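Working notes, structure below.
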Amino acid sequence: MKILFATAGPETAQENADYVVSITKRLGAELIVLHVVHEKDENDKGDKALRILFERGKKARVQVTGVLQTGDIISQIIKVAELESVAIIIMGASKEKLLNQWLSSYT
């Protein structure tokens with residue numbers, strides 16, 4: 001079984017890493033961590049987010065595969081989920097970012 005964790009960056013990766021790795025371990029699954037950037041110059045944030053999950057996975061003895069993509073977030077999540085045949089998708093957006101997006105869509 002594979003779980004896809006779409007992380008929104010290093011901050012949310014840090015906030016959610018223990019939870020995501022714990023679920024993955026309990027299910028005996030492999031963890032695929034995806035970070036999508038809009039432009040190549042944002043790769044540093046993606047690399048930091050992936051590194052956080054690699055470290056937590058290593059400590060918990062969970063297999064972690066990192067994927068860094070450029071493009072539309074939703075399209076890339078769907079693409080990776082289909083390509084990897086994942087069973088579960090966990091979204092790593094922060095509450096603050098979600099709230100800001102919801103509020104801005106209604107103004």
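Annotations
- Criterion applied to Arg51, Arg61, Arg56 was being closer than 21 Å to Ile88 by Cβ, without any contact (Cβ under 8 Å) to a residue 60 or more places away in the chain and surrounded by fewer than 21 Cβ atoms within 10 Å (Cβ to Cβ), and the one residue passing it is Arg61.
- In summary, Leu34 fulfils each of the numbered conditions (1) in a helix (DSSP H, G or I); (2) under 8 Å from the mean Cα position of the chain (by Cα) with the single exception of condition (1).
- Counting only residues that are among the hydrophobic types (A, V, I, L, M, F, W, C) and assigned to a helix (DSSP H, G or I), region 73-91 holds 7 of them.
- Region 68-86 residues that are within 22 Å of Lys45 (Cβ to Cβ) and aliphatic (A, V, I, L, M), paired with ones that are part of a loop (DSSP other than H, G, I, E, B) and open to solvent by 60 Å² or more (accessible area, probe 1.4 Å) (beta carbon under 9 Å, 6 or more apart): Ile73/His38
- Looking only at region 44-72, and only at residues there that are part of a helix (DSSP H, G or I) and in contact with a strand residue (DSSP E or B) (Cβ under 6 Å, 6 or more places away or on another chain), the one that is modelled with the lowest pLDDT: Gly46
- Number of the condition not met by Asn16 [criteria: (1) at pLDDT below 95; (2) assigned to a helix (DSSP H, G or I); (3) in contact with a helix residue (DSSP H, G or I) (Cβ under 8 Å, 6 or more places away or on another chain)]: (3)
- For region 73-95, the set of residues classified as surrounded by 18 or more Cβ atoms within 10 Å (Cβ to Cβ) and at pLDDT 95 or above consists of Val80, Ala81, Val86, listed by residue number.
- Residue match in region 9-23 (condition: closer than 23 Å to Glu82 by Cα, surrounded by 19 or more Cβ atoms within 10 Å (Cβ to Cβ) and of a type in the set (Ser, Thr, Tyr)): no
- Of all residues in region 24-36 being within 13 Å of Val86 (Cβ to Cβ) and not acidic (Asp, Glu), the one that is surrounded by the most Cβ atoms within 10 Å (Cβ to Cβ): Val33
The values are calculated or read from the model by the stated rules, or taken from the named source; none is laboratory data. These numbers come from a predicted model, not from an experiment. FYI the Cβ positions are ideal-geometry reconstructions off the backbone, even for glycines, and counts take in every protein chain you see. With ligands, DNA and RNA removed, areas are computed over all heavy atoms of the protein, side chains included. Shrake-Rupley method; radii C 1.70, N 1.55, O 1.52, S 1.80 Å.
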